[in-house]
Structures are given as structure tokens and as C-alpha cells.
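> Sharing a structure here in C-alpha cells format.
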Amino acid sequence: MKLGITCYPTFGGSGVVATELGLALADRGHEVHFICYAPPFRLDRDRRNIHYHEVEVSTYPLFRYPPYSLALTSKMLQVIRSSELDILHVHYAIPHAISAYLARQMCGDRCVSTVTTLHGTDITIVGSEEAYIDVTRFGLTQSDAVTTVSSFLRDETRRVFGDCCDSARVIPNFIDPTRFRPGVNGGLRKELAPDGQRVISHMSNHRPVKRVRDIVAAFAMIRERVPVRLVLVGDGPDLPGALELSADLGVRDDVLALGRRHDGARILAASDLYFLPSDYESFGLSALEALACEVPVIGADRGGLPEVVDHGRSGYLCAVGDHEEMAARATELLRDEERRRAFGREGRRRSIERYAKDSVVTRYEELYRELRP
């Protein structure tokens, strides 16, 4: 099949999932066209069957807010016509679902089916705002299929948008267990913890929803009990404040801010614990990747994360904002190596059982075949 994929090419989960899906489909022989304003973070443009089409947005001074959605529509239409796409799969509803609808309406005698995958904040925050709720509902109803990455997000979508989303189906995020696995840190652990300290990691775009300051506050408490270092991967608006807090708490020397990295699997494999205490996660892809590396997760008992982390078996889920409980649970696991390793083994077993790449990608292929014009 010939497939078009549109996503936000950033460090966040929706772009990662879209990119990994496209790469997996290309490996299966499908022709995959990425249509974005920049190459997605994990995209390997040299891979066979992968094509990239850049969306160029006008900088005409009349536009205070350049009309990206219209530029995206035009580029989608061009690719539909030139590459004869069968499926246009957009990740994140705003504005991608509307652009896909407009492109399909404009394509004339070349029919293409559209799939919208919802990732979380496009429904719970942006899409439910008064300025966008009606246009988001329209985009979803005009999609040939709507998928969500968790049962929680499907139920939330139905709650926000009503009967129009009753047919939304759950196709979860996935991991490649051959890539995310224990023992692949390649000596990185010695760099992160040269004096043999334990390692706690967190990867995100460091927005307020990720609660990075809670991570630092919990870490400062843990460090009083166990020799440990904190590794923060990614960038974003809350990172400077979190680092300032670490200095105020006297732990700045043991907090490593690595910025955006392409070796996430190595960093996770070099970790003892992973923190994800967000206000809200529709799924928690980074937690799944940590579990696949046999790294227990300390997270929040909210949103879709309880579908990924089995409380008391592969990690612990705490109330949002309770950094004292996070610290206590982390200290417990760091002091009990046998239990920590047992949690890690269970996490990998269940992550492969539920979310292995091959089985999830096959579900997308089956959906595309149902919709193929």
C-alpha cells in the first residue's frame, strides 16, 4: 500500500509513535510518505520505502499567525495526487484531521481514506477548548476511522465528543523489544554514574504537565538515603526551573540534563528506575520503553498509565503531586535489588505480551485494508 503519515515532528510521544509506525510499515514493504513541517525526530530518511515531504509555510508579513493548516492541506493534496496514496494517516487531531478532510475533498477523482489517531492532549486539552471543540468534532466525524492509544483515551473521547466517537477503536502504542531491552547501554552507565551510584531517568518535552519539579523534589529526598543520580532527557519550558530547584535543594551536581538524545534505549538500559509522575498521560510511551528495558516505573495513578504499569508488579503508581510517596517507593526498590529486578522482569514480560511491535503494526495494516479505496 501507499501510505501518507502526518505528525508533529517533535520529541513528544505522538511524533515518536507515528514515526516508528511508518518505519515499521516501510520495513514490511509499504511505501510510506511523511508529510510534516520538519523531519520527525526519529525518522531515518535513508530507509527503503521512506519519503519525506516538507510543508512550507508562508512568512508573508500580513499573517500574524501563518496558516499552517492550509499549507499542510496543499502539501497533502500534492502527495495524494503525485504518489497515488491509498491511506492518509494523521496523528493528533488539531489541525491534521481537518487538513486531511480538506485534502480528500479537493482530490477529485483520486480517492483516499483517512485515519485519525488521537494521542491525548488533542482531545483532553486542545480539542476540548471552546475555540476548537466543534472543529475537532467535525474532523473526527469526517475521518474514515478514528483510533486511540489507550482505553482511557477512547472513553475520554466519547465523554467529550459523544456518540460521534462510538466507533473509535483502541490500537495501543508499541515497542520494539529487540531495540528496547536490558544490557544495551554500551558502557553508558559508567558515564552517567562514575562512582557506582544508582540511576533514575526521565524523558520528556518538560512541559508543566510532566511535573519535572516533582521529580527533582523526590530525587532530593532519595539522595539523602541512597547514592543516586538523576538523568533528564529532552528539553522544554520547565527544565530551567527544575534545574534551579535542584540547585536550591543542594543536589544540582547529581542532576544530569542531557538535552535531546537519539540513544534513549541506551539511557533506559543504564537506569535503575524511571519516573513519570505527569498530571496526565494518555498512554505513557516512555514508561513502556523503560519496562521493556527491565526498568521499573514510578508514575502517577491517572490517565492511561495504569494500563501500562502494573502497580506492585512492574512499578508503583502514586497520587499526582505526592513526591514524598514517589521517594519512598523509589527508595524501597533501590534498597531491595531482588525486588527491583523482579519488577523489571515482570515489566518486560508484560510489555512484550501486550505491546510488541509486530502485533500492533499488524492491527494497523488490517485497518488500512478495511479502508483501502
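> Rounded if a/c is under 1.5, else prolate if a/b is larger than b/c, else oblate: which is the stretch 188-355, with a ≥ b ≥ c the root eigenvalues of its Cα gyration tensor?
Numbers: a/c = 1.36, a/b = 1.21, b/c = 1.12.
Here the stretch 188-355 falls in the rounded category.
> Tell me which GluC sites (Glu not before Pro) from the stretch 42-139 have a DSSP coil assignment and no more than 14 other beta carbons within 10 Å of their own. Present the calculation step by step, with values, prior to reporting the outcome.
On the way: sites: GLU54, GLU56, GLU84, GLU129, GLU130; in loops: GLU56, GLU84, GLU129, GLU130.
In loop regions of the stretch 42-139 (DSSP not H, G, I, E or B), the sparsely surrounded GluC sites (Glu not before Pro) are GLU56, GLU84, GLU129, GLU130.
> With each label point set 7 Å from Cα along the Cα-Cβ vector, what nm distance links ASP279 and SER74?
Reported label-point gap for ASP279 and SER74 is 3.6 nm.
> Using amide H atoms built 1.01 Å from N in the peptide plane, name the residues 5+ places from PHE41, or on other chains, whose amide H lies under 5 Å from its own.
THR10
> Sticking with this one: Whose amide H sits under 5 Å from the amide H of GLY304, counting only residues 5 or more places off or on another chain, with H placed in the peptide plane?
Residues meeting the amide H criterion: GLU281, SER282, PHE283.
> Decide, for the stretch 297-373, between rounded, prolate and oblate: order the square roots of the alpha carbon gyration tensor eigenvalues as a ≥ b ≥ c, take rounded if a/c falls under 1.5, and otherwise choose prolate if a/b is larger than b/c, else oblate. Numbers along the way, then the final one.
On the way: a/c = 5.47, a/b = 2.09, b/c = 2.62.
Because a/c hits 1.5 or more and a/b fails to exceed b/c, the stretch 297-373 counts as oblate.
> Residues with amide H under 5 Å of ARG198's amide H, sequence separation 5 or more or different chain, H placed in the peptide plane at 1.01 Å from N; which?
Long-range HN contacts for ARG198: VAL228, ARG229.
> Same structure again: Rounding to the nearest 20 debye, state how big the charge dipole of the chain is about its Cα centre with +1 on each Lys and Arg Cβ and -1 on each Asp and Glu Cβ.
It works out to roughly 760 debye.
> Further question on the same structure: Could you sort the peptides 16-25, 153-162, 93-102, 256-265 by per-residue average Cβ neighbour count (10 Å cutoff), highest mean leading? Walk me through the intermediate numbers first.
Details: 16-25: 23.3, 153-162: 18.5, 93-102: 25.1, 256-265: 15.0.
The peptides rank, most packed first, as 93-102, 16-25, 153-162, 256-265.
> How many percent of the alpha carbon pairs in the chain exceed a separation of 37 Å?
Above the 37 Å cut-off, the chain has 22 percent of its Cα pairs.
> Next question. Once you sort the root eigenvalues of the Cα gyration tensor of the stretch 257-305 as a ≥ b ≥ c, which label holds: rounded (a/c under 1.5), prolate (a/b larger than b/c) or oblate (the other case)? Numbers along the way, then the final one.
Details: a/c = 2.03, a/b = 1.56, b/c = 1.30.
Prolate.
> If packing is taken as the average count of other Cβ atoms within 10 Å, what order do 73-79, 47-53 fall into, highest mean first?
On the way: 73-79: 20.7, 47-53: 15.1.
Going by the mean number of other Cβ atoms within 10 Å, highest first, we get 73-79, 47-53.
> Could you work out the helix-only [θ] at 222 nm for the chain, with each DSSP H run of four or more residues adding -39,500 (n - 2.57) and the total divided by the number of residues, to the nearest 500 deg cm²/dmol? Can you show the working numbers first?
Working: 15 runs with 159 residues, N = 373.
-13000 deg cm²/dmol, from helical runs alone.
Quick note: the coordinates plus some simple rules give every number you see, no bench work behind them. Since the model is a prediction, treat every value here as computed from it, not as a measurement. Please note: Cβ atoms are built from the backbone with ideal geometry, for glycine as well, and neighbour counts cover all protein chains shown.
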